[in-house]
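K.L.:
Take this structure first; my questions come after.
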Amino acid sequence: MREHQLTIYNSLTRRKELFKPINDAMVGMYVCGPTVYGDGHLGHARPAITFDIVFRYLQHLGYKVRYVRNITDVGHLEHDADEGEDKIAKKARLEQLEPMEVVQYYLNRYHHAMEALNVLPPSIEPHASGHIIEQIKYIEKILESGYAYVSEGSVYFDVPKFNADFGYGKLSGRNIDELLATTRELDGQTEKRNPTDFALWKKAAPEHIMHWPSPWSEGFPGWHLECSTMSEKYLGEQFDIHGGGMDLKFPHHECEIAQSMAHNHAPAVKYWMHNNMITINGKKMGKSLGNFITLDEFFTGNHPLLEQAYSPMTIRFFILQAHYRGTVDFSNEALKSAETALGRLLDGYRRLQEIKPGEKGTINVDELTARAYEAMDDDLNTPILIGVLFDAVRIINQIKDGHASADADEIEALKKFFNTFMIELLGILPKESAETNDAPYKGAVDLLLQIRAEAKANKDWATSDLIRDRLAALGFNVKDTKTGVEWSL
């Protein structure tokens with residue numbers, strides 16, 4: 001394992017902490033995955049890419065990582081997860097499908113989008129619906145500990161009692177008085193002892209098609225319960241990292257902390273990590289605002305707010321340009337800028353493959369590598385790492401233009417640098433350049449540049465300049481070097 005001082009920001013303590021796993025043999029990481037009742041959107045891409053980076057880097061450092069990302073396919077209800085109809089069940093009822101047909105349809109689309117974004121699959125991807133028995137047993141133990149109660153066939157977590165013993169709201173900074181002041185009264189919640197209490201098990205209404213038998217009623221588990229149950233099943237009572245979007249801090253993750261403490265009387269998670277949100281032109285994304293854009297729509301450009309299609313690697317690069325704890329605001333201008341910057345990076349990588357070694361080297365790849373590790377060790381700072389990669393591109397351009405030289409060992413070191421930090425850790429695939437930019441035009445552009453070369457040889461500067469300028473107007477960058485001419489789109 002490489003000597004390192006990886007620090008990560010712990011949302012519970014609100015400070016950066018030196019990462020020290022509970023068990024050196026294996027790092028346990030649990031991330032709240034998608035709720036499969038709709039098409040994946042840009043907001044789904046950010047946590048997937050964020051924790052893909054964590055997964056990649058921990059493995060790179062030599063850790064064995066068990067990465068669990070759950071699939072919520074039951075119990076995710078509107079607002080507080082206590083009232084309303086389960087969205088999967090609703091779609092199944094309206095379209096006369098089996099609920100698991102709905103789940104599988106959207107899950108297939110999600111997996112396809114993740115593969116396009118080069119997001120590595122998790123070690124385990126458990127479904128909430130596949131762990132009903134475990135969730136019932138989990139509830140029984142919380143009831144035994146005295147932090148839950150049965151009411152009219154449902155089971156609720158007693159938040160005031162838990163707060164008195166352990167304190168509720170440490171992750172989000174909330175307190176009971178504030179919650180009571182802001183909690184709205186909901187129809188059908190008179191069975192609760194306190195408005196802040198949340199459901200562990202809900203008795204199913206007659207029309208509810210997703211339900212299971214339990215000691216309390218025919219019903220279904222509450223939304224928050226699945227993560228506490230499945231993380232413990234696959235990672236143990238205590239594990240290293242729990243991640244998700246910042247919008248999950250309250251109430252979801254706060255309720256998880258309470259459940260786990262009531263169940264085990266000890267904190268389950270050592271480090272809480274949260275990625276920030278993505279907005280669209282400064283506004284929160286939502287179907288009611290007309291700015292809800294799915295990943296498929298980004299990839300095809302088929303949406304009124306999109307001026308063009310954006311490749312999966314452009315989306316990935318766009319997200320990694322910001323630190324995972326910072327906000328990201330989508331606009332066509334921002335994505336076009338990301339597309340241009342990605343093109344420069346991939347063009348630099350392509351040029352690196354063409355460099356011929358010189359007799360004497362003048363570059364310092366070790367310094368680049370040290371800076372790259374320093375960026376990753378500082379709370380996985382991908383924007384700084386991308387900056388270091390562009391410094392490497394600048395060196396490549398200097399070598400190609402004859403203003404610097406590199407021997408065979410230095411060229412190999414540069415290639416290893418890009419393979420490690422661009423491909424392995426950032427997950428940026430170099431094939432993007434050939435597939436989306438140059439390949440369809442190569443024959444035609446090469447022919448025009450051959451005609452231009454003949455014009456230059458005949459000192460026909462007007463024709464030479466005309467070809468260069470017309471290509472530039474069409475979006476082609478033509479560059480004369482000491483070894484010939486290069487072009488890119």
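The values are calculated or read from the model by the stated rules, or taken from the named source; none is laboratory data. Computed from a prediction, not measured in an experiment: that's the story for all the values here. For neighbour counting, all protein chains shown are included, and Cβ atoms are generated from backbone atoms with ideal geometry for every residue, glycine included.
K.L.:
Given the structure, is Arg2 at pLDDT 95 or above, over 14 Å from Ile241 (Cα atoms) and not small (Gly, Ala, Ser)?
P.N.:
Judged against the criteria, Arg2 is not a match.
K.L.:
Assess whether His242 counts as being under 30 Å from Ala45 (Cα atoms), modelled with pLDDT of 95 or more and either not assigned by TED's automatic domain parsing to the domain that holds Leu12 or not in a helix (DSSP H, G or I) (or both).
P.N.:
Here the answer is yes, as His242 does meet what is asked.
K.L.:
All but one of (1) more than 30 Å from Ile278 (Cβ to Cβ); (2) in contact with a strand residue (DSSP E or B) (Cβ under 7 Å, 6 or more places away or on another chain); (3) modelled with pLDDT of 95 or more; (4) not acidic (Asp, Glu) hold for Lys137, so report the exception by its number.
P.N.:
Against the list (1) more than 30 Å from Ile278 (Cβ to Cβ); (2) in contact with a strand residue (DSSP E or B) (Cβ under 7 Å, 6 or more places away or on another chain); (3) modelled with pLDDT of 95 or more; (4) not acidic (Asp, Glu), Lys137 comes up short only on (2).
K.L.:
Could you tell me which of the residues Glu256, Glu237 is at negative phi, buried (at least 21 other Cβ atoms within 10 Å of the Cβ), of a type in the set (D, E, K, R) and out of contact with any Asp or Glu (no Cβ under 8 Å at 6 or more places or on another chain)? Outline the logic, then answer.
P.N.:
Values: Glu237 fails: buried (at least 21 other Cβ atoms within 10 Å of the Cβ).
None of the other options fit; the residue is Glu256.
K.L.:
Go through the residues of the stretch 275-294 one by one and say whether even a single one is in contact with an Asp or Glu (Cβ under 7 Å, 6 or more places away or on another chain) and without any contact (Cβ under 8 Å) to a residue 24 or more places away in the chain.
P.N.:
Within the stretch 275-294, not a single residue is in contact with an Asp or Glu (Cβ under 7 Å, 6 or more places away or on another chain) and without any contact (Cβ under 8 Å) to a residue 24 or more places away in the chain.
K.L.:
Select, from Tyr310, Tyr271, the only residue that is over 27 Å from Ile133 (Cβ atoms) and either assigned to a loop (DSSP other than H, G, I, E, B) or touching a helix residue (DSSP H, G or I) at 6+ places or on another chain (Cβ under 6 Å) (or both).
P.N.:
Only one candidate qualifies: Tyr310.
K.L.:
Of the residues Gly173, Gly153, only one is free of Cβ contacts under 8 Å to residues at least 60 places away in the same chain and at positive phi; which?
P.N.:
Selected residue: Gly173, the only one of Gly173, Gly153 that is free of Cβ contacts under 8 Å to residues at least 60 places away in the same chain and at positive phi.
K.L.:
Considering only residues that are charged (D, E, K, R) and touching a helix residue (DSSP H, G or I) at 6+ places or on another chain (Cβ under 9 Å), look in the stretch 345-376 and name the one that is surrounded by the most Cβ atoms within 10 Å (Cβ to Cβ). Before you say what the answer is, go through the steps one by one.
P.N.:
In the first step, residues of the stretch 345-376 are kept if they are charged (D, E, K, R); the result is 347, 350-351, 354, 356, 359-360, 366-367, 371, 374.
Remaining after also requiring touching a helix residue (DSSP H, G or I) at 6+ places or on another chain (Cβ under 9 Å): 347, 350-351, 354, 356, 366, 371, 374.
Numbers: Asp347: 21, Arg350: 17, Arg351: 17, Glu354: 10, Lys356: 10, Asp366: 10, Arg371: 15, Glu374: 15.
Here the answer is Asp347.
K.L.:
Does any residue of the stretch 394-405 turn out to be surrounded by fewer than 17 Cβ atoms within 10 Å (Cβ to Cβ), under 20 Å from the mean Cα position of the chain (by Cα), part of a helix (DSSP H, G or I) and at pLDDT 95 or above?
P.N.:
no
K.L.:
In the stretch 304-328, which residue that is of a type outside the set (A, V, I, L, M, F, W, C) and more than 15 Å from Pro383 (Cα to Cα) is surrounded by the most Cβ atoms within 10 Å (Cβ to Cβ)? If you could, list the steps in order and put the result at the bottom.
P.N.:
Within the stretch 304-328, the first condition is being of a type outside the set (A, V, I, L, M, F, W, C), and the residues that meet it are 304, 307-308, 310-312, 314, 316, 321, 323-327.
Okay, now just the ones that are also more than 15 Å from Pro383 (Cα to Cα), so 304, 307-308, 310-312.
Working: Pro304: 9, Glu307: 13, Gln308: 10, Tyr310: 23, Ser311: 18, Pro312: 20.
Looking at residues that are of a type outside the set (A, V, I, L, M, F, W, C) and more than 15 Å from Pro383 (Cα to Cα), I get Tyr310.
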